[in-house]
1. Name the residue, out of 144, 131, that is surrounded by 19 or more Cβ atoms within 10 Å (Cβ to Cβ) and either within 18 Å of the chain's Cα centre (by Cα) or in a helix (DSSP H, G or I) (or both).
2. Just give me the residues in region 99-128 being within 14 Å of the chain's Cα centre (by Cα) and either at negative phi or modelled with pLDDT under 95 (or both), in sequence order.
3. Which ones in region 212-234 are assigned to a loop (DSSP other than H, G, I, E, B), out of contact with any strand residue (DSSP E or B) (no Cβ under 7 Å at 6 or more places or on another chain) and at negative phi?
4. Is it the case that some residue within region 235-245 is under 20 Å from residue 196 (Cβ atoms) and touching a helix residue (DSSP H, G or I) at 6+ places or on another chain (Cβ under 7 Å)?
5. Given the conditions (1) free of Cβ contacts under 8 Å to residues at least 12 places away in the same chain; (2) under 24 Å from residue 410 (Cβ atoms), and given that residue 6 satisfies all but one, which numbered condition is not satisfied?
6. Residue check: is residue 95 in contact (Cβ under 8 Å) with a residue 24 or more places away in the chain and crowded, with 21+ Cβ neighbours inside 10 Å?
7. Grab the helices (runs of 4 or more DSSP H) fully contained in region 23-98, keeping just those with 3 or more residues being modelled with pLDDT of 95 or more, touching a strand residue (DSSP E or B) at 6+ places or on another chain (Cβ under 9 Å) and assigned by TED's automatic domain parsing to the domain that holds residue 337.
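The values are calculated or read from the model by the stated rules, or taken from the named source; none is laboratory data. Values in this document were obtained by computation on a predicted structure and should not be read as measured data. So basically every Cβ, Gly included, is an ideal-geometry build from the backbone, and we count neighbours across all protein chains shown.
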């Protein structure tokens, strides 16, 4: 188990000992267990409002109405499409942002109707990320029902653009426009044990080779865009990357050409480069981008031409993020897990909305909504809600430790600047 032997500081443990014995906090924890069926029903309702890439607005408006119904202050939708509102604290405490992504990976025409079989829910997106969105609403209900008064503010929301070529556009816009955030939690995934505090960075490129094209017989001797693309792919395939920090690459899709008997005038690929280290990511990027021009030069040289050219377009930029496991936001999540009898473990570096704030030096983690899942990002995606209330319980306690509870505990999360 990642994190075996990890212990929180004495100061953090004292905070969670006090919270565990506070009657209002206990009420909130008990509420989340009792609210389980309502949370799952809400998860189903959210999932059945489609949210395809770049077309999340219908779900965003649905979710914004939920935030309004729960009585949050300043509920709004920003220009990028994110929706959020504020649970007000009573004092001059830190300001914590908690969100789950609204978008799915599925096309607009995908049937997102939820079907139940043998206790499991089946539908595209039911785990990723309808569960995260529902878990946040459950936590807000628990705060309201328990009467807990926080010291700091908690901004709750649903953000756009996390999946695929969304390129974290929602979170990038939010942190560009809101400079008063002291910490961030994304609720993404379902395994409640997991705490992720490291971010895998990625660069995604659309690479296009262009040439004159022509008939495969009559124009033979002209360079081919597809052949140039093939040369580039072969060169990329020979690149060596470190296993630690994990650094990877893949050519995800290729397109091009006109017909079987045509010399291709254009050919494209989508290239994904990733690393848990920003330095290694930049090193890989430099090496791979240089190979792209070499491939064009070799195709031209083969036919004594200069006609092939390469166009390189950055279509995705997710920064890597490295933090200490001793940060208060990490310790709080660990202590909260133990307090609700969820055996905590650290997840490996991953690519989530938390990447962006980490890269800005803002403490950030990923927590999960609870339950079990399978076949994510496929039409056969499923979700098992058994004991899933433990996810919202862990999130609830993590938030309280970070922003503080009036008369019980001071915030563990520091105000920035």
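1. Only one candidate qualifies: 131.
2. Let us first name the residues in region 99-128 that are within 14 Å of the chain's Cα centre (by Cα), namely 99-105, 125, 127-128.
Listed by number, the residues that qualify are 99, 100, 101, 102, 103, 104, 105, 127, 128.
3. Within region 212-234, the subset assigned to a loop (DSSP other than H, G, I, E, B) is 212-213, 216-219, 221, 223-224.
Next, from what is left, pick out any that are out of contact with any strand residue (DSSP E or B) (no Cβ under 7 Å at 6 or more places or on another chain): 217-218, 221, 223.
217, 218, 223, listed by residue number.
4. yes
5. (1) is the only condition that residue 6 fails.
6. Details: in contact (Cβ under 8 Å) with a residue 24 or more places away in the chain: yes; crowded, with 21+ Cβ neighbours inside 10 Å: no.
It is false that residue 95 is in contact (Cβ under 8 Å) with a residue 24 or more places away in the chain and crowded, with 21+ Cβ neighbours inside 10 Å.
7. Numbers: elements: 23-34, 36-47, 57-69.
Hits in region 23-98: 36-47, 57-69.
Here is a yes/no grid of residues against (1) at pLDDT below 95; (2) touching a helix residue (DSSP H, G or I) at 6+ places or on another chain (Cβ under 7 Å); (3) over 23 Å from residue 164 (Cβ atoms):
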residue	(1), (2), (3)
264	no, yes, yes
267	no, yes, no
273	no, yes, no
281	no, no, no
297	no, no, yes
301	no, no, yes
305	no, no, yes
342	no, yes, yes
